[in-house]
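Novice: One structure is given below, represented as structure tokens, and several questions about it will come after.
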Amino acid sequence: MYKLDQTKTPLFDALLEYYNNNTIPFHVPGHKKGDGMLNKFKEFVGTNVLSIDVTVFKQVDSLHKPTGAIKAAQELAADAYNADYTFFSIHGTSGAIQAMIMSVVTQGEKIIIPRNVHKSVTAGVILSGATPVYMQPEIHEEVGVALNVTPETVRKTLELHSDAKAVLIVNPTYYGVSTDIKKIADIVHEYNIPLIVDEAHGPHLQFNNRLPISGMNAGADICAQSTHKIVGSMTQSSMLQVRKGFVDVNRVKTVMSLLQTTSPSYILLASLDAARMQLATEGKELLDETIELASYARERINKIKGFYCFGAEVLKKSAAYDFDPTKITITSKELGLSGYEVERILAEKYFIQPEMSDLYNILCVFSFGDTKEKVDSLINALEEISRNQDYEAARSIQIINMPHIPESVLTPREAFNSKAVSMPLVDSLGQISAEFLMAYPPGIPILCPGEIITKEIVTYVQELKNANLYVQGTEDPEVVNIKVVSDLQLQNL
Ligand SMILES: Cc1ncc(COP(=O)(O)O)c(C=O)c1O
């Protein structure tokens, strides 16, 4: 099992010791354990949390050069996650992903990524100056969401771009769908390059074998995880798991240090230490309970007229190799309401806030912070919404075949750094886009910065609009105009 004593919380303990010593703070932050702060705020948040809001000194260690409590806390996390090294991130997974990309590619090198990545991947590509090669994910046509990329897609893309320096996948997706990552890791390693994983939605996978396999266990080389999203740490706190071999660990260390603030929140860091301890010591049981609760919810929701909540049957799709049952995607298309409308009703009438919504779905994230009582409130609200609904308006899902990925003539970094002007989309054929254009569903870009605008794309946007589907991403919310690169004398490259 574990090599280290996972009941320990060295960083949290160092902060408790500082608290118990009643140390007089002549250090930043200026609120000095809350004494120099607005009372209304202090009384609401409580003095305990303020008294451990400290800065870098020996007793509590340094995130940038850890030698004590933070080093020990990161080593425990690496042990728990089957990694060689763990780096704590207080810039969320966004910061960890940027660092992960900058660790494996630099200016002009190719990185293979899915087309529908989170903006932090784009940020990493811009910062590194790398050239992205896109893979198209599969689409679930009944619920209108992007699934994942298949091992075959990864293999084919690598065959065409054998000079790529890394492959990135998102696993599992926001909706909990994972691909055959073990197979993908093997394919990627045949090319002697690293597989790096946006595992924002998978910090719990390691701790229960009823969940999809974790990136580290599947052979991935770096995984960026939003500990704060799914398990018990505080917002903005994430981890980067690293395996040595295909990546240079010193480079990861340097880039993490380059990108992160020199004033990290010790509250966030200690919450990572506590979350890891909770997962390692009782994660399996807690996740068993969460899985049971989610199965109960899925079963009940699937009996409500107008709603559908996909489950293990999604695995029949080629890009869905495994599935995280704690993600509850509730499709409302049979109800005649959009996901956005259901979210608004839940929030405004029932004070129930889902994680997000799209045209046809709402997504509810379950964790071990949930109870049957809370889940029953959600089910009761959905039942009432269903009873009050006029089914005449029921919609059918329309997914129009996406255009081909257009030719790219500038890297995202070059497009980002060049001058741009706005012009009517219909007149922009042959121009280089300076913006993204996304189609919903399924939320996959049809155009990325640096790509040539084609007739097929302009026609497709018109078809989406005619079908009352969403297209967005441009500065102009109506997508009548688009920003295009106006100056090929590129700036500040
Ligand atoms: C797939 C994916 N990757 C990365 C991120 C960024 O994570 P964070 O919010 O921790 O910065 C998100 C956030 O929603 C995400 O959904």
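Read the figures in this text as sums done on the coordinates, not as results from a lab. A quick note: this is a predicted structure, and the numbers were derived from the prediction, not measured. Here the Cβ is made from the backbone with ideal geometry for all residues, glycine too, and neighbour counts use every protein chain on show.
Novice: Please compute the length gained on full extension between Ser318 and Glu159, using 0.36 nm multiplied by the number of residues separating them and subtracting their Cα-Cα distance. Don't skip to the answer; put the middle values down first.
Specialist: On the way: separation 159, 0.36 × 159 = 57.24 nm, distance 2.02 nm.
Using 0.36 nm per residue and subtracting the Cα-Cα distance, I get 55.2 nm.
Novice: Taking every alpha carbon pair in the chain, what does the distance histogram look like in 20 angstrom bins from 0, in percent?
Specialist: That works out to 22, 52, 25, 1, in percent per bin.
Novice: Once label points are set 7 Å from the Cα along Cα→Cβ at both Lys58 and Thr262, what is their separation, rounded to one decimal in nm?
Specialist: Output for this residue pair reads 2.1 nm.
Novice: Report the Stokes-Einstein translational diffusion coefficient (µm² s⁻¹, integer) for segment 142-198, Rh taken as the Kirkwood radius over Cα pairs, at 20 °C with viscosity 1.002 mPa s.
Specialist: Answer, rounded: 181 µm²/s.
Novice: Return the Cα extents of segment 19-123 along principal axes one, two and three, sorted largest first, each rounded to a whole Å.
Specialist: Projected onto its principal axes, the Cα set of segment 19-123 covers 52, 31, 25 Å.
Novice: Which order do Cys223, Cys364 fall in if you start with the one that has the fewest other Cβ atoms within 10 Å?
Specialist: Numbers: Cys223 32, Cys364 22.
Fewest-to-most ranking of Cys223, Cys364: Cys364, Cys223.
Novice: Right, next: Before rounding to the nearest 500, sum -39500 (n - 2.57) across all DSSP H runs of length at least 4 in the chain and divide by the residue total; then give [θ] at 222 nm in deg cm²/dmol. All intermediate terms of the calculation are to be shown ahead of the outcome.
Specialist: Details: 16 runs with 179 residues, N = 493.
Theoretical 222 nm ellipticity from helices: -11000 deg cm²/dmol.
Novice: Can you say what percent of the DSSP beta bridges in the chain, counting only those with both residues inside, are antiparallel? Round to 5.
Specialist: On the way: 37 of 51 bridges.
Rounded to the nearest five, the antiparallel share is 75 percent.
Novice: When the chain is fully extended, how far beyond the present Cα-Cα distance does Asn22 get from Thr254, taking 0.36 nm per residue of separation?
Specialist: Extra length from Asn22 to Thr254 when fully extended: 80.0 nm.
Novice: Based only on other Cβ atoms within 10 Å, what is the fewest-to-most ordering of Thr227, Thr122, Thr235? All intermediate terms of the calculation are to be shown ahead of the outcome.
Specialist: On the way: Thr227 27, Thr122 21, Thr235 11.
So the ranking, lowest neighbour count to highest, is Thr235, Thr122, Thr227.
Novice: Here is a follow-up. Would you mind counting up the charge near Asn380? Only other residues with Cβ under 14 Å from its Cβ, with Lys and Arg at +1 and Asp and Glu at -1. Walk me through the intermediate numbers first.
Specialist: Values: positive: Arg300, Lys303, Lys349, Lys372, Lys374, Arg387; negative: Glu373, Asp376, Glu383, Glu384.
Combined, the nearby Lys, Arg, Asp and Glu give +2.
Novice: Taking H as built 1.01 Å from N, whose amide H comes closer than 5 Å to the amide H of Leu147, not counting residues under 5 places away?
Specialist: Glu138, Ile139, His140
Novice: Karplus couplings for segment 429-443 from phi (6.51 cos²θ - 1.76 cosθ + 1.60, θ = phi - 60°), rounded to Hz, Gly and Pro as x?
Specialist: Taking θ as phi minus 60°, the curve returns 4, x, 7, 9, 5, 9, 10, 8, 10, 10, 9, 10, x, x, x Hz for segment 429-443.
Novice: Sort 12-23, 171-182 by the packing proxy (mean of other Cβ within 10 Å over each peptide's residues), most packed first.
Specialist: The peptides rank, most packed first, as 171-182, 12-23.
Novice: Just to confirm a number: summing +1 for Lys and Arg and -1 for Asp and Glu over residues other than His64 whose beta-carbon lies under 13 angstrom from that of His64, what do you get? All intermediate terms of the calculation are to be shown ahead of the outcome.
Specialist: On the way: positive: Lys65, Lys71, Lys253; negative: Asp61.
That sum, taken over residues with Cβ under 13 Å, equals +2.
Novice: Which cross-chain or sequence-distant (5 or more) residues have an amide H under 5 Å from the amide H of Ala166, H modelled 1.01 Å from N in plane?
Specialist: Here the answer is Ile112, since their amide H atoms fall under 5 Å of that of Ala166.
Novice: Next question, about the same structure. Just to verify a number: FRET efficiency for Lys455 and Asp376, C-beta to C-beta distance, R0 = 60 Å, to 0.05? Please report the intermediate quantities before stating the final value.
Specialist: Numbers: r = 53 Å, r/R0 = 0.88.
Calculated transfer efficiency: 0.70.
Novice: Packing-wise, with mean Cβ within 10 Å as the measure, how do 195-201, 72-78, 279-285, 156-162 rank, highest first? Show your work: numbers first, answer last.
Specialist: Working: 195-201: 28.9, 72-78: 23.1, 279-285: 17.6, 156-162: 14.1.
The packing order, highest mean first, is 195-201, 72-78, 279-285, 156-162.
Novice: Name the residues whose placed amide hydrogens come within less than 5 Å of the amide hydrogen of Met356, ignoring near sequence neighbours (fewer than 5 apart) on the same chain.
Specialist: Under 5 Å from the amide H of Met356 lie the amide H atoms of Leu363, each far enough along the sequence or on another chain.
Novice: Helix check for the chain. Which DSSP H runs span at least 18 Å along their own axis by Cα, with a mean Kyte-Doolittle hydropathy no less than -0.5? Let's see the in-between values first.
Specialist: On the way: long enough: 92-104 (19 Å, 1.08); 266-301 (41 Å, 0.04); 372-387 (22 Å, -0.55).
Span-like helices, by this rule, are 92-104, 266-301.
Novice: So, one more: Bin width 10 Å, alpha-carbon pairs only: give the P(r) of segment 412-485 as whole percents, running from 0 to the bin holding the largest distance.
Specialist: Result returned by the calculation: 22, 59, 18, 1.
Novice: Okay, moving on. Would you mind working out the magnitude of the charge dipole of the chain relative to its Cα centre, with +1 at each Lys and Arg C-beta and -1 at each Asp and Glu C-beta, to the nearest 20 Debye? Spell out each step's value before the answer.
Specialist: Working: 44 positive and 58 negative charges, 174 e Å.
For the chain, the charge dipole is close to 840 debye.
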